[in-house]
Amino acid sequence: MILPAIRRSAIVATAFAAAAAVYIPAAGAAGQHVDKPKPTVVFVHGAFADSSGWYGAMDRLRKDGYPVRAASNPLRGLPTDAAYVRDFLNSIKGPIILAGHSYGGAVITQAAAGDPDVKALVYVAASVPDVGESLADLKAHAVDNPAPPLPLQQVEFTKPDGTRSNDAYIDPAKFRETFAADVDPTVAADMADTQEPIDIAALNQPATAAAWKTIPSWFLIAKQDHANSTNLQRWEAKRIGAHTVEIDSSHAAMVSHPKAVADLVEQADRGTS
């Protein structure tokens, strides 16, 4: 039997409608949102500290889906430390957010220069030199309420080439009040007794590159810092045009306020997406 034309049209239309109902667009089809992979967050510690100080921030960022790594800063000198961190960055695939604390700020400033994968710099109570400046130059910059001289102890050592230099430590008896006043006393005592020294020569070595001139930056300013003047941090942050957040923290902000550090990293990610 031949179906009437109207009935045939209705059957065809029903078939097309059924097919459309089960069709699922392929991932990435026009108009469909696809989440981009999150950048790897790389942390660089400074002098008198080690990578364990970043654990709290790293845990929070992992829970939010960020890959995290920590570069073990050798603390042997700005040129070699920056070169080491640069090689570490070259081992990571994809975009990177690079965070540095204290002297680690100077290291990331030089290490990230010209690296197209570093999308943001995050400075935590950091020293951030310009080209030609050393950490000693920064410390000498005149601000209201400068930080007092660090209570350093020096230990002479022999370099691989046979020359002699001095490693600088913060006097363990004064470590907590200088570096980690708002950190749990037991944790601060462990930090004091396991601190990583810095070759004193590193404090006088000028930066040869300044990544903040081409890479967006964020700055966590510690308002109760007795090791790096709060006003000096404010001056640095203004000079580099950083997005700033201020918190009531000692110099060891990554230990006492890990959430604030993680939040600033995520802010940097959103600000450069």
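Throughout, read-outs are computed from the coordinates displayed, never taken from laboratory work. The model shown is predicted, which means the values in this text are computed figures rather than measured ones. Quick reminder, even Gly has a Cβ in these numbers, built from the backbone with ideal geometry, and neighbours come from all protein chains shown.
Points worth noting:
- Our note on the geometry: Cα centres of segment 244-273 and segment 177-226, 14 Å apart.
- If a spin label sat at a point 7 angstrom from the Cα of Lys213 along the line to its beta carbon, the backbone N atoms of segment 120-140 nearer than 15 Å would be those of 129-134.
- Remark: spin-label model distance Asn90-Glu156 equals 3.7 nm, labels positioned 7 Å along the Cα→Cβ axis.
- The chain: relative contact order in percent, alpha carbon pairs under 8 Å with at least 6 residues between: 22
- Within-15-Å neighbourhood charge of Pro39 [Cβ basis; K, R +1; D, E -1]: +1
- Using just its DSSP H runs of length 4 or more, each adding -39500 (n - 2.57), the chain gives a mean residue ellipticity at 222 nm of -10500 deg cm²/dmol after division by all residues.
- A Förster radius of 30 Å, combined with the Cβ-Cβ distance separating Asp115 from Ala173, puts the computed FRET efficiency at roughly 0.15.
- Summarising the label geometry, the points placed 7 Å from Cα in the beta-carbon direction at Glu246 and Lys63 lie 2.9 nm from one another.
- Dipole of segment 226-273 computed with +1 at Lys/Arg Cβ and -1 at Asp/Glu Cβ about the Cα centre; of Ser229, Thr272, Val245, farthest Cα towards the positive end is Ser229.
- Computed from point charges on the beta carbon alone (+1 for Lys and Arg, -1 for Asp and Glu), the dipole magnitude for the chain about its Cα centre is near 1560 Debye.
- Label zone (Arg239, point 7 Å along Cα-to-C-beta; backbone nitrogen cut-off 19 Å) within segment 138-158: 138-150.
- 20 Å Cα-Cα reach of Lys159 towards lysines, excluding residues that sit fewer than 8 places from it in its own chain: none
- Size of the chain as Cα extents on the principal axes (Å, biggest first): 105, 39, 32
- Once the Cα-Cα distance is subtracted from the 0.36 nm per residue extended length, the Asp35 to Asp50 segment shows a gain of 2.1 nm.
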